[in-house]
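In what follows, a structure is listed as structure tokens, so that the remarks can point back to it.
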Amino acid sequence: MLIIDCEKCIGCGVCEAECAFGAISVQDGCAVVDDNCTLCGSCVESCEVEALLIEEGAVQVQADINDWSGIWVFAESRHGKIAEVSYELLGVGRKLANQRGVQLSAVLLGSGVTESAPTLIAAGADKIYLGDDSTLGQYREDIYGNVLEFLIKKEKPEVILAGATAIGRSFIPMVANNLGAGLTADCTGLAIRAEDGMLLQTRPAFGGNIMATIECPHTRPQMATVRPKVMQPLMPDLERQGEVVSLSIPDRLLESQVKVLENVLEEHNQVNIQEIEVLVAGGRGVESEKGFKLVKELADELGGAVAASRAAVDSGWIPYAHQVGQTGKTVCPKLYIACGISGAIQHAVGMQSAETIVAINRDKNAPIFNIASCGIVGDLFEIMPLLTKKIRENKAL
Amino acid sequence: MNIIVCIKQVPDAKDVRLDPKTNTLAREGVESIMNPFDRHALEEGVRLKETHGGQVTALSMGPPQAESVLREAISCGADQGVLVSDRAFAGADTWATSYTLRKAIEASGEFDLILCGKQAIDGDTAQVGPGLAGQMKLPFVTCVQKIRNLDDGIIQVERMMDDGFDVLELPVPALLTVVKDINDPRVPSLKGKMKAKKATIKILSAADIGAEEQCIGLAGSPTRVVNVFTPAPRGDRKMFTGSLEEQVDQLVDQLRSYL
């Protein structure tokens, strides 16, 4: 509970301004908290007269947190291919492991994945826990969860990282729940606190308008899903040595309640916009399916892919798989060119962490310009063909 | 076919914006709405009820004012609303929320299916659905884009993946989280609105659901927020000048490192 000491409170309103949730107001010279309070603690830190205090009841504390050691990465694979994010996780995992002076291990589950194990060692892993079994060839929440939970209980790693992908975000929360472990979703920053070796996990909240840093003080393992394309993979080092541990998985863990009848690969889904470094996105201003040809041409010229705002998807100009924003995908490419997109918050939350944002819009007051790195105000039907042409010429030089 | 739909009340994203002066979230005029993904879960629940019979219960954990989203759920076809509300729940992370929802469901009787939105638009964690399935030891599938069939205790669904979709079968009782592709939610009927107005929302406290003190709210949360900050603003924005052609030239120059 948030306790407010009215004797100490001077009614200055600093905490009111600090609260991201609008849960504090100053009434009759003293701060008052309402039910929206999430106990995030920002107000406590902001108070200069120490009038605020968060009182915790009996906390669930795990006794043996010092027995947990090592950094683990869940190396996602699908149809025998390792997902890119796995290498990115090994990149950041390597740093964390070095800082902690512990091993970096990868858990690789699938069917026919044995030959991929060395690539994970080259990417930074010291040890691979390999579960190569025909049953694991088809991803299912329950069996992947069973196997990972079993391994974690046995080996007791202090940290587990997984990609914030369709797969990572579906079964990892169940595993964390079953272990009573803390899990932070969709992290964009990970660091070790020097004083106590705690994992600090930073993630965007409110669609990236605020950032929150989260820790798991009393429990292990510390678990996080990490947004693809944020962390840097290491340069593969084929000389690196590592150990591959083939798992003998008890049969009961591989009994699934879920039956996979079919995997349907969709043509337009073959390109996952979350994994692409250059995205050219079209919005309402593109005006038609035909207009998206211009978007596509520019994207092709840049070696990128096409994205879209909800307005364009709802108009049927382009399939949903391309939608960026709150009800679509969250992307963070190196370059994002927004064409004819006004940049409403629902769109912005899905792309504002891109490295460079270029806005092309005829309305100079469009909010997209507020988050853009650079922009041109004008008619996109003139600008885009010209831009495509000039880029082509430039590349030819 | 008894269906529980989990619903969260969230701030409407279109109202959430940064106050350019203070660089904090501007809150004035921010309305609370039903989480958009949950609306699709509710619609799917109501459609299943219409085909297979049974009851739809809308369940929410939140402050007392979250009662309004449950009334809205009733106006859209839910039969009843249950609100789990207690100051003791404050500060709950996804673990403590999953636990609390489980206790509330256990206190509310039999069910065949639990439906949740894929994620809530304020926290964006997508963790409570799978966490609740873990709590309840239920088979589950996330990101369902279509329920193909429900027959003889077996439900057949399409689950959206990053490269297409999977067709899956699982036994009920089960838990599904849904994406917005699954349906177009209806607007409340006049009759529905009347019903919602008259409905009694059942309110359950921590004691009512027999929740253990150390498992709820901040105490029951393995995660702690240690810092909240505003992301560093982007460097100076460059707006090009000159004729359109000159501007495009400058842009190409700017993009050189990406070519």
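For this structure, a couple of remarks:
- Volume per residue of the C-alpha convex hull in region A:2-54, rounded to whole Å³: 62
- Of A:LYS95/A:LYS259; A:LYS290/A:LYS390; A:LYS127/A:LYS395, those spanning more than 32 Å from alpha-carbon to alpha-carbon: A:LYS95/A:LYS259; A:LYS127/A:LYS395
- Computed magnitude of the charge dipole of the protein assembly as shown (debye, nearest 20; Cβ of K, R +1, Cβ of D, E -1): 1020
- Computed extension length for B:LEU190-B:THR230: 10.1 nm, one decimal, from 0.36 nm per residue of separation with the Cα-Cα distance subtracted.
- In sequence order, calculated HN-Hα J values of region A:247-252 (Karplus, 6.51, -1.76, 1.60; Hz; x Gly/Pro): 7, 9, 9, x, 3, 4
- When both region B:46-116 and region A:117-148 are represented by their alpha-carbon centers, they are found 36 Å apart.
- Listed values for region B:172-178 are Karplus-derived 3J(HN,Hα) couplings in whole Hz (6.51 cos²θ - 1.76 cosθ + 1.60, θ = phi - 60°), namely 9, x, 8, 10, 10, 10, 10, and x replaces Gly and Pro.
- Values of log10 I(q)/I(0) for region B:141-211 across q = 0.21 Å⁻¹ run -0.88, by the Debye formula with one identical scatterer at each alpha carbon and no solvent.
- Computed Kirkwood radius, in angstrom, where 1/r is averaged over Cα pairs of region A:93-209: 15.5
- Estimated D of region A:173-278 in µm² per second, where Rh is the Kirkwood radius over Cα pairs and Stokes-Einstein applies at 10 °C, 1.306 mPa s: 88
- At R0 = 51 Å, FRET efficiency that the Cβ-Cβ distance of B:GLN65 and A:LEU265 yields, to 0.05: 0.70
- Using the rule -39500 (n - 2.57) for each DSSP H run of four or more residues, divided by the residues of chain A, the 222 nm mean residue ellipticity is -7000 deg cm²/dmol.
- Chains A and B together, accessible area buried on both sides, 1.4 angstrom probe, square angstrom: 8500
- Placing a pseudo-label 7 Å from each Cα along the Cα-to-Cβ vector at B:GLN156 and B:MET239 gives an inter-label distance of 5.7 nm.
- Reach of A:LYS8 by Cα under 12 Å, taken over aspartates and glutamates that are not fewer than 8 positions away in the same chain: A:GLU48, A:GLU50
- When the convex hull of its Cα atoms is viewed from all sides, region A:327-397 shows a mean projected area of 5.0 nm².
- Cβ-Cβ distance of B:GLU246 and A:MET235, R₀ of 51 Å, FRET efficiency by 1/(1 + (r/R0)^6): the value works out to about 0.80.
- For region A:206-345, the per residue solvent-accessible surface stands at 44 Å², with DNA, RNA and ligands left out and a 1.4 Å probe.
- Base-10 log of normalised Debye intensity for region B:2-224 (one unit scatterer per alpha-carbon) at q = 0.14, 0.15, 0.16, 0.19 Å⁻¹: -0.86, -0.99, -1.12, -1.50
- For region A:72-88, backbone phi angles converted through the Karplus equation (6.51, -1.76, 1.60; θ = phi - 60°) give residue-by-residue couplings of 10, 10, 7, 8, 6, 9, 9, 6, x, 10, 6, 6, 3, 4, 4, 5, 5 Hz, Gly and Pro being listed as x.
- Prolate/oblate/rounded call for the protein assembly as shown, Cα gyration tensor, a/c under 1.5 rounded: rounded
The values are calculated or read from the model by the stated rules, or taken from the named source; none is laboratory data. The model shown is predicted, which means the values in this text are computed figures rather than measured ones. We place every Cβ from the backbone using ideal geometry, glycine too, and count neighbours over all the protein chains shown. For the accessible areas, the whole protein counts, side chains as well, though only heavy atoms, and no ligand, DNA or RNA atoms are used. Shrake-Rupley method; radii C 1.70, N 1.55, O 1.52, S 1.80 Å.
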